[in-house]
Amino acid sequence: MSSISGKPGVTFYAVMFVMLFLTTVLHELTHLLTALALGVDTFAFGLGRVSLRPPTDFEWQTTLISISGPLFTLTMGLFGAWLAIGRKIAFGYDLVFVAFYQRLLAMTMSIVTGNHNDEARVSLDLGLPWWGLPSVFIAVLAAALFLSSRRLRFGFLVLFLSYVTASLGYTLLIYLDGQLPGQGLCDSIMAPFYDPAFGCAADA
């Protein structure tokens, strides 16, 4: 699925749009499978979050559940960079950009809302500032994105259109989350920001 260097077409952005949804689900599925493997009860699964009922004595297990999703996303981004840099395949840029955008958006939400994302919770568990681990993930993916862009000769226009594509995709994802068949309010990616009276538990 290659593209002429520096001149990706509509298909390139359409694939990025689809991959944004697919990889977001896979990110959350990684949380879910890790939780199930550790015997943690899960009661809600949405496009943007997994809700857990971990026992009070589960400490390192919940840390592992939290970091599993970002590790999947980081691995996906580095694989994309390998495709872009090593094989000169434009699809690799799709993967690395989506990975970078996801983690950057998650950290931005942590800053704006004060509700810590996956890596931020793990940073706190490790006794680090909440922004420590998120910054490392974003820096690695930013470097991978930069090198991928140079290898494929993608300029700022591609970066801008990728940003627009990802922003539209996440807007749609947030709108759909919690409204799909079998989902409820507490399945939504926005659930952590609802009033506690709704009774939505912490997410992963």
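Bear in mind that the values in this text are calculations on the coordinates, not laboratory data. Treat the numbers as computed from the prediction; the structure is a model and nothing was measured. Because the Cβ atoms are built from the backbone with ideal geometry, glycine has one as well, and the counts that use them run over all protein chains shown.
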Quick check: residue separation of residue 146 and residue 38 times 0.36 nm, minus the Cα distance between them. What number comes out in nm?
35.2 nm
Can you give me the distance in nm between label points at residue 105 and residue 156, each placed 7 Å from the Cα along the Cα-to-Cβ direction?
2.4
Tell me the trypsin sites (Lys or Arg not before Pro) within the stretch 138-169 that lie in a loop according to DSSP and have at most 12 other beta-carbon atoms within 10 Å.
153
Taking the Cα-to-Cβ direction at residue 112 and at residue 60 and moving 7 Å from each Cα, how far apart do the two end points lie in nm?
3.7
Contact order relative to length for the stretch 62-172, counting C-alpha pairs under 8 Å separated by 6 or more residues, stands in percent at 29
Label-to-label distance, nm, for residues given as residue 25 and residue 124 (7 Å Cα→Cβ offset)
3.1
